[in-house]
Every structure is written in C-alpha cells, then in structure tokens.
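Below is one structure, written out as structure tokens, with a few remarks after it.
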Amino acid sequence: MPTPARFVLHDHRKPSPHFDLRLEEDGVLRSWAVPKGLPDDPARDRLAIAVDDHALGHVDFEDEHKSVADTGTWEEHDRDERRLVFSLHGRDGVRRYALIHTKGTQWLLHLTKDQTVNVG
C-alpha cells in the first residue's frame, strides 16, 4: 500500500501575513499562497496563487517567520486541467476542497458543499 501523500498549511507572517498550502506530489510540495487562509464557508471562495514547488523538507519546516498551522495527509478525488478536488486529513478532521484554475497563477480555493469523505 502506498504511503499517503502529505500536506502542510504554513502560517507565514512576513513579508506580509498569508498562508501557504503545500500538497505532496511527484516528489515535491506543490504550493499556493492563500492570503486569507483556507475557506470555512462554501459561499466564500479564497484566492490562491500558485508559487514555485518546494522540497519535501518544507513539510515540517518552521522558522521565526513561518509556523505549521495544520498538517496531515491529502487525497485526490477528481482532477482535470482546470480543477483539483481533494480532501485534507488534518489535525482537526477531514475537509474537502476544490482548487479551480482561473488564469495564470491565480486559482480559487473552494470549500465544497459536500463534505462527505470516504475514509478507507
């Protein structure tokens, strides 16, 4: 059985406060800067800006400007060239999201209305 893919949500305080969502995939951490953090309401999407991939060592990296806000594993449910639907299995439970590519490096991070996740 393969090892579950990891994720980390960093609380980044400088140069300006934001969060970094990082999903382990293909030997790197795919990364998005999320200025206002993960959405907590399906009616309110959040901007997510794709940034350079990070090395896997960043999964637990902390320093004076960055701390781990949440960590755990993630699973993909659906994907095409414009959208990735996934669940984060974090410290406080499981939440299902979609990343929707809008243009260039800009994405929308959406908390799905359906929070049913099959844990196997």
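The values are calculated or read from the model by the stated rules, or taken from the named source; none is laboratory data. As the structure is a prediction and not an experimental result, all values here were calculated from the model. So basically every Cβ, Gly included, is an ideal-geometry build from the backbone, and we count neighbours across all protein chains shown. These accessible areas exclude ligands, DNA and RNA; they are computed on the full protein's heavy atoms, side chains included. Shrake-Rupley method; radii C 1.70, N 1.55, O 1.52, S 1.80 Å.
Under a 5 Å amide H cut-off, with hydrogens placed 1.01 Å from N, T112 pairs with R96, Y97, A98 among residues at least 5 apart or on other chains.
Label-to-label distance, D80 versus K14, with points set 7 angstrom from Cα along the beta-carbon direction: 4.4 nm. Segment H65..K113, full-extension length gain: 14.0 nm, with 0.36 nm per residue of separation and the alpha-carbon distance subtracted. Were the residues from D92 through K36 laid out at 0.36 nm apart, the gain over their Cα-Cα distance would be 18.3 nm.
Using a probe of 1.4 angstrom and keeping all protein chains present, the accessible surface of the range 1-84 works out to 60 square angstrom per residue. Residues in the range 52-78, backbone N under 17 Å from the label point at V28 (7 Å along the Cα-to-beta-carbon vector): list them, ranges by number please. Under cut-off, by backbone N: 52-59. The Cβ shell under 14 Å around D40 holds other residues with a net charge of +2, Lys and Arg each +1, Asp and Glu each -1. Phi angles of the range 55-65 translate, via the Karplus equation with coefficients 6.51, -1.76, 1.60 and θ = phi - 60°, into HN-Hα couplings of 5, 4, x, 6, 5, 10, 6, 9, 8, 5, 10 Hz per residue; Gly and Pro are given as x. Taking 0.36 nm per residue of separation and subtracting the Cα-Cα distance, full extension of the segment from A55 to T73 would add 4.8 nm.
Accessible surface of the chain, 1.4 Å probe: 50 percent of it comes from carbon and sulfur atoms.
Report which label in (1) 2, 11, 21, 27, 22, 12, 4, 1, 0; (2) 2, 13, 24, 27, 21, 10, 2, 0; (3) 2, 12, 22, 24, 20, 11, 5, 2, 1, 0 holds the value of P(r) over Cα pairs in 5 Å bins from 0, in percent derived from the coordinates of this structure. From the options (1) 2, 11, 21, 27, 22, 12, 4, 1, 0; (2) 2, 13, 24, 27, 21, 10, 2, 0; (3) 2, 12, 22, 24, 20, 11, 5, 2, 1, 0, the structure gives (1).
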